[in-house]
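Visitor: One structure follows; several queries about it will come next.
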Amino acid sequence: MRVVPVGLLRSLLIGAIAIGCWLTMVAPAQAATLSDRVASYPDWSNLPSLKANAPDLPYPDWMAGTWQVTSTLVDLQAPLAPEIVTPGFDSNRRWLDQPLEFPVRFGPPIYAAAAKPLPDLRPQAASVVADRAFNGLAIARAYLGEAVASVQAPDPNQQLVQLANGDSLLMRMTGRAWEQPAPQVFVASELSRQIFRGQGRPQFNTVETTARYEQRSPDQITADQITAIYLTPQDPSYFQVGDRPIALYRYALTLTRTDDSSDAARSAGNP
């Protein structure tokens, strides 16, 4: 089992679970669409403005099923360095251009508890959503092995990562949105408030994950995913930094189907 410093552990969990959640979408103040936000990387200077009352993310039917993901960190930036650098950022350079593999799956909601978002007027629930507990555990263990004891996701708006040493990472989703600019393209982003509890005082961050998925064939999807880390008011530097990101990570993802596409379509409610 790899030994990972606490600072690196926290940042890896943030990056890994952001991938695992496969969350949702953003309507940024300076960009008209999520696609614009992805295209403007790394020139991000503010938090996106997301819907706080959105239910679970409704992925397109072509994402239903089980997939093997190859995830490669292709770029990382600290926009406010050297004055402000998030813990573990320099250590994360070791993952640059190093592909990691893990399974993920999408299908009908299977949460243990019903989500309680603010009232939403959209008529139907999503038929294809991420299996957040399964995906989160698979991704976290791809980075940290058996140091990750469990991942719980009782509803779409919270996720708890429990480490074998007793440390934990709690994520509460605070906003999400999505767009589908073309039948084979899906863009999504989500904001979460994250609390890492380990030795010493709890550490807080706000994390944005924005991703553009494109179906290349029934059995392959590629994605461009960006994770941005922001300070929260609990940090002494927050009022100096505001809503500017302090760390940016960009990943290239390839999803290869490992189940039968016709079975996946039936599970999504299609004949």
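The values are calculated or read from the model by the stated rules, or taken from the named source; none is laboratory data. Predicted, not measured: the structure shown is a model, and the values here were computed from it. Here Cβ is always computed from backbone atoms with ideal geometry, including for glycine, and neighbour counts include all displayed protein chains. All accessible areas refer to the heavy atoms of the entire protein, side chains included, with ligands and DNA or RNA removed. Shrake-Rupley method; radii C 1.70, N 1.55, O 1.52, S 1.80 Å.
Visitor: Under 5 Å between amide hydrogens, which residues at least 5 positions from Thr174 or on another chain qualify, with H placed 1.01 Å from N in the peptide plane?
Guide: So Thr174 has HN proximity to Leu191, Ser192, Arg193.
Visitor: Per residue, what accessible area does the stretch 150-271 have, given a 1.4 Å probe and all protein chains present, in Å²? Walk me through the numbers before you get to the answer.
Guide: Working: 5210 Å² over 122 residues.
Accessible surface, normalised per residue, equals 43 Å².
Visitor: Given a 1.4 Å probe and every protein chain left where it sits, what share in percent of the accessible area of the stretch 139-267 is carbon and sulfur?
Guide: Details: 2450 of 5270 Å².
After summing per-atom areas, the C and S share lands at 46 percent.
Visitor: Hey, if you put +1 on the Cβ of every Lys and Arg and -1 on every Asp and Glu Cβ in the stretch 128-271, which of Ala164, Gln215, Ile195 ends up farthest toward the positive end of that dipole?
Guide: Ile195
Visitor: Before I look further, what does the stretch 32-87 give for accessible area per residue, probe 1.4 Å, in whole square angstrom?
Guide: Working: 2270 Å² over 56 residues.
I get 40 Å² per residue for the stretch 32-87.
Visitor: Could you tell me the center-to-center distance, by alpha carbons, between the stretch 154-202 and the stretch 33-107 in angstrom?
Guide: 11
Visitor: Could I ask something else about it? With a 1.4 Å probe and all protein chains left in place, how much of the accessible area of the stretch 44-96 comes from carbon and sulfur atoms, in whole percent? Spell out each step's value before the answer.
Guide: Values: 1120 of 2210 Å².
Summing carbon and sulfur atoms, their accessible area is 50 percent of the total for the stretch 44-96.
Visitor: If you don't mind, another one. So for the stretch 45-116, taking the charge dipole from beta-carbon charges (+1 Lys/Arg, -1 Asp/Glu), which of Thr66, Gln77, Leu96 sits furthest toward the positive end?
Guide: The listed residue farthest towards the positive side: Thr66.
Visitor: Between Arg93 and Ser40, how high is the FRET efficiency from 1/(1 + (r/R0)^6) when r is the Cβ-Cβ distance and R₀ = 25 Å? Nearest 0.05. Walk me through the intermediate numbers first.
Guide: On the way: r = 24 Å, r/R0 = 0.94.
Rounded to the nearest 0.05, the efficiency is 0.60.
Visitor: Given the peptides 37-43, 241-247, arrange them by the average over their residues of other C-beta atoms within 10 Å, most packed first.
Guide: On the way: 37-43: 15.3, 241-247: 18.7.
Taking the mean over residues of other Cβ atoms within 10 Å, the ranking is 241-247, 37-43.
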